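Accompanying notes for the structure given below.
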Amino acid sequence: MSQKESNDEERRFNREEEEEDDDDGDGRGRDAWERTYADERSWESLQEDESGLLRPIDNKTLYHAQYRRRLRTSTAARIQKGLIRYVYIIIDLSRAAGEMDYKPSRMVVVARQVEAFIREFFDQNPLSQIGIVTLKDGVAHSLTDLGGSPESHIKALMGKLTSSGDASLQNGLDLVQSLLNQIPTYGHREVLILYSALSTCDPGDIMETIQKCKASKVRCSVIGLSAEVYICKYLCQETGGSYSVALDESHLKELVFEHAPPPPAIAEFAVANLIKMGFPQRAAEGVISICSCHKEAKVGGGYTCPRCKARICELPTECQICGLTLVSSPHLARSYHHLFPITPFDDVSPSVSNDPRHLPKNCFGCQQSLLNPGNMPTSCVSCPKCKQYFCLDCDIYIHESLHNCPGCESFRHSKSVSTAEG
């Protein structure tokens, strides 16, 4: 081989290597160091203060402010709420769900938020049920039927995370409307749609489907991941739901979690009526019986319907044999706090927090210090009834999990003790 041919081969080989390096380093048109900053979006963690300087955002205070805004909205008025809810979550798994403006993709982010929402939903609504429907290839698929088991819903969703084709909003609404029509009149029918696409590929007139949902008293709410779509907004206006477009992943989580507490009851459903319920007993261990919900033989565990003696796996549910609603007493107790929510705590004004004579040193709930290093007061709240002071973490824990004010309860306990001694 001549020297000229070998030089030509070497130049060609070097040129191919450079092209491969460019492909590896460029990614989406950016170098590796640029992608690091773009993926982390570190500039979003800064904000400008009054003097024009950039300072890191206090995420804890920001989260608490969002939480208190949501709390005031939910407890603004004493209105009847739907405690027995039947909710279908419609998830758009069309090709638009594969977009990577949310990291790593819209589909993965939505699945993550739906998983967290399902757990929060059953924590706040133990008497309610959820079902999941997916949209892909122009077809609506019923992923899970209405049920009260969070683990079964999450497992089914995580096993079907693939995106393809177009989304058909009409097919999804037709499917859930036909399923929710079988719900008893005391149940509150809701649909939460997580929509990634900017269009809908429908086989017929979607306006007729929207009117059918409205006539069936199905409240439809939509959370968009791309931009505002008119038909989604029209759907929410007609059915009494809410329509929002998420700005980023944290905003998406906030919008999704707003649907966890029970919404105000629709006027036609805000009528007091009696509901037959059964309180099944735990089945004996080691006994072989046929499960009515899975149609298969199982050994031990489960519950026995008090009316027809059929075996069921989990609560709450509806007996497949006699149709009796089956719950446990803790489910009723956990739903009680929605009827009588605890009063939102008041923010402590700067004049009080800067005066050490009025502000105690420790939180009444967790006994942690209310002072920052340097004896500077931190943000705190106070109960309007017992006037005790609490830190921000205790405020969230009291209103979301405990549902009782420790200050009011201790005052009530001490008063009863003094009365008994007297």
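The values are calculated or read from the model by the stated rules, or taken from the named source; none is laboratory data. Worth saying up front: this structure is predicted, and the values here are computed from it rather than measured. Backbone-built Cβ (ideal geometry, glycine too); neighbour counts: all protein chains shown. Side chains are part of the model used for accessible areas, which takes the heavy atoms of the whole protein and leaves out ligands, DNA and RNA. Shrake-Rupley method; radii C 1.70, N 1.55, O 1.52, S 1.80 Å.
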Ignoring ligands and nucleic acids, H331 exposes an accessible area, probe 1.4 Å, in Å² to the nearest 10, of 20
Using a 1.4 Å probe on heavy atoms of the protein chains only, the accessible area for V299 in Å², nearest 10, reads 100
If each K or R counts +1 and each D or E counts -1, the residues other than D166 whose Cβ falls under 12 Å of its Cβ total -1
Once amide hydrogens are built 1.01 Å from N within the peptide plane, the residues lying 5 or more places from G241 or on another chain with amide H under 5 Å from its amide H are C220
Scalar couplings 3J(HN,Hα) for region 224-230 by Karplus 6.51 cos²θ - 1.76 cosθ + 1.60 (θ = phi - 60°), nearest whole Hz, x for Gly and Pro, are x, 10, 10, 8, 6, 10, 4
Taking placed amide H atoms and a strict 5 Å upper bound, the residues 5 or more places from R85 or on another chain that come that close are S128, Q129, H188
Over its alpha-carbon atoms, region 105-145 yields an Rg and a Dmax in Å of 12.1, 34
From most to least accessible, 1.4 Å probe, no ligand or DNA/RNA atoms counted, Y186, Y86, Y336 line up as Y336, Y186, Y86
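Take the cross-link list K253/K387; K136/K214; K160/K214; K212/K253 and give me the ones stretching past 26 Å between alpha-carbons. Please report the intermediate quantities before stating the final value.
Working: K253/K387 33 Å; K136/K214 24 Å; K160/K214 30 Å; K212/K253 30 Å.
Checking Cα-Cα distances, K253/K387; K160/K214; K212/K253 exceed 26 Å.
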Rounded to the nearest Å, the spacing of the alpha-carbon centers of region 293-328 and region 174-193 is 22
Quick tally, 1.4 Å probe accessible area for M100, M158, M277, sorted with the most first, runs M100, M158, M277
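Full extension from V108 to C308: what is 0.36 nm times the residue separation minus their Cα-Cα distance, to one decimal in nm?
Values: separation 200, 0.36 × 200 = 72.00 nm, distance 4.29 nm.
Full extension from V108 to C308 adds 67.7 nm.
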Taking Lys and Arg as +1 and Asp and Glu as -1, residues besides C220 with C-beta under 12 Å from its C-beta add up to +4
The long-range amide H neighbours of G278, using H built 1.01 Å from N in the peptide plane and a cut-off of under 5 Å, are T325, L326, V327
Row for region 119-211, column shape: gyration tensor on C-alpha, a ≥ b ≥ c, rounded if a/c < 1.5 i.e. under 1.5, prolate if a/b over b/c, else oblate; value oblate
In the neighbourhood of D202 defined by beta carbon distances under 10 Å, the net charge of the other residues (Lys, Arg +1; Asp, Glu -1) is -3
Judged on accessible area alone, 1.4 Å probe, highest first, I290, I183 line up as I290, I183
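How big is the Rg/Rh ratio for region 77-234, C-alpha atoms only, Rh by Kirkwood, two decimals? List each step's numbers first, then the result.
Values: Rg = 15.1 Å, Rh = 15.9 Å.
In region 77-234, Rg relative to Rh is 0.95.
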Expected field for K253, accessible surface area in Å² at 1.4 Å probe radius, rounded to 10, holds 100
